[in-house]
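Asker: After the structure tokens below, expect a handful of questions from me.
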């Protein structure tokens with residue numbers, strides 16, 4: 001029996017959708033990393049119960065850290081993106097988390113930069129606060145070991161490909177690292193929005209995509225580029241098609257990054273029959289009800305979509321591009337200084 005709701009929320013479901021296609025579905029994925037990170041900090045004496053934990057978030061991590069703080073008796077301070085919606089703001093308030101939300105902005109890159117600057121101001125004002133550094137501290141890898149062990153037991157690791165949004169780098173990076181301890185041949189496919197610096201697509205604009213979830217306008221230290229075999233860049237319209245098809249065909253109601261991952265996973269599965277492709281569904285589709293699912297009649301058929309295969313990021317183009325990354329190091333624009 002679970003001792004706290006965070007443990008139940010963080011436990012993923014493994015769903016076989018089709019031959020060779022498996023969904024690793026979370027209600028809220030980052031609860032896994034937040035719980036393990038806070039527990040480790042307490043066990044190692046870095047923080048004590050009652051301390052304040054601080055971080056920036058576009059939404060999912062804010063809820064995850066608030067749950068972890070509730071579970072372990074900590075205070076929680078979040079500098080939130082302008083994209084944090086009313087439902088999440090209300091949940092955070094009732095959970096006792098303090099949210100500072102950035103004002104409206106048409107430029108989500110500027111929103112991310114402002115959040116980072118505000119974190120530094122708060123730390124100068126409150127040096128006793130502990131900055132969780134979800135983008136830069138590999139303590140956030142820890143929670144995925146148990147997930148990787150379960151994936152290994154239930155799907156096997158022979159001819160396994162893992163597909164997921166890159167984001168902060170912790171989820172896909174950790175799963176690949178732990179799975180490769182038992183099977184070095186496990187492939188890792190990262191999904192990115194256009195406009196993200198992480199794999200050098202900042203020169204290609206997609207005005208509709210919300211970059212903060214699976215990409216970044218600033219370098220992230222938790223992204224280990226040498227773990228990734230292939231990268232898919234997916235624009236809003238293509239990700240929307242994936243989300244709609246996933247719900248219509250398999251009844252899985254999940255967010256926009258999941259739609260992008262599902263699209264990439266179908267493509268990878270069809271190119272390598274006989275293997276297993278597992279894609280990550282990081283959250284449910286509720287916050288996308290209006291922006292994505294209400295537009296289901298606009299969605300093209302996924303069968304009519306195919307990525308543009310490129311050999312250099314200079315050739316990236318909307319709505320979908322794919323490149324063999326071949327476990328190369330970080331590009332200069334994504335290297336953390």
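The values are calculated or read from the model by the stated rules, or taken from the named source; none is laboratory data. No experiment lies behind these values; they were computed from the predicted model shown. For neighbour counting, all protein chains shown are included, and Cβ atoms are generated from backbone atoms with ideal geometry for every residue, glycine included.
Condition check ((1) under 20 Å from the mean Cα position of the chain (by Cα); (2) under 26 Å from residue 202 (Cα atoms)) across all residues:
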{"position": "67", "(1), (2)": "yes, no"}
{"position": "88", "(1), (2)": "yes, no"}
{"position": "94", "(1), (2)": "no, no"}
{"position": "98", "(1), (2)": "no, no"}
{"position": "137", "(1), (2)": "yes, yes"}
{"position": "142", "(1), (2)": "yes, no"}
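Asker: Take residue 327 and tell me if it is surrounded by fewer than 19 Cβ atoms within 10 Å (Cβ to Cβ), more than 28 Å from residue 152 (Cβ to Cβ) and touching a residue at least 12 places away in the same chain (Cβ under 8 Å).
Answerer: In short, no.
For (1) in a helix (DSSP H, G or I); (2) free of Cβ contacts under 8 Å to residues at least 12 places away in the same chain; (3) within 18 Å of residue 168 (Cβ to Cβ); (4) out of contact with any helix residue (DSSP H, G or I) (no Cβ under 8 Å at 6 or more places or on another chain), each residue gets a yes or a no:
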residue	(1), (2), (3), (4)
37	yes, no, yes, no
41	yes, no, yes, no
63	yes, no, yes, no
84	no, no, yes, no
87	yes, no, no, no
91	yes, no, no, no
103	no, no, no, yes
113	yes, no, yes, yes
117	yes, yes, no, yes
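Asker: So which residues in segment 166-192 are modelled with pLDDT of 95 or more, within 27 Å of residue 308 (Cα to Cα), out of contact with any strand residue (DSSP E or B) (no Cβ under 7 Å at 6 or more places or on another chain) and outside any helix (DSSP H, G or I), if there are any at all?
Answerer: Selection gives 185 alone.
Asker: In segment 224-274, how many are over 19 Å from residue 296 (Cα atoms), in contact with a helix residue (DSSP H, G or I) (Cβ under 7 Å, 6 or more places away or on another chain) and either in a loop (DSSP other than H, G, I, E, B) or modelled with pLDDT under 95 (or both)?
Answerer: Matching residues across segment 224-274 total 1.
Asker: Okay, moving on. Looking only at segment 151-165, decide whether some residue is closer than 17 Å to residue 224 by Cα, in the same structural domain as residue 260 (by TED's automatic domain parsing) and not in a strand (DSSP E or B).
Answerer: Checking segment 151-165: not a single residue is closer than 17 Å to residue 224 by Cα, in the same structural domain as residue 260 (by TED's automatic domain parsing) and not in a strand (DSSP E or B).
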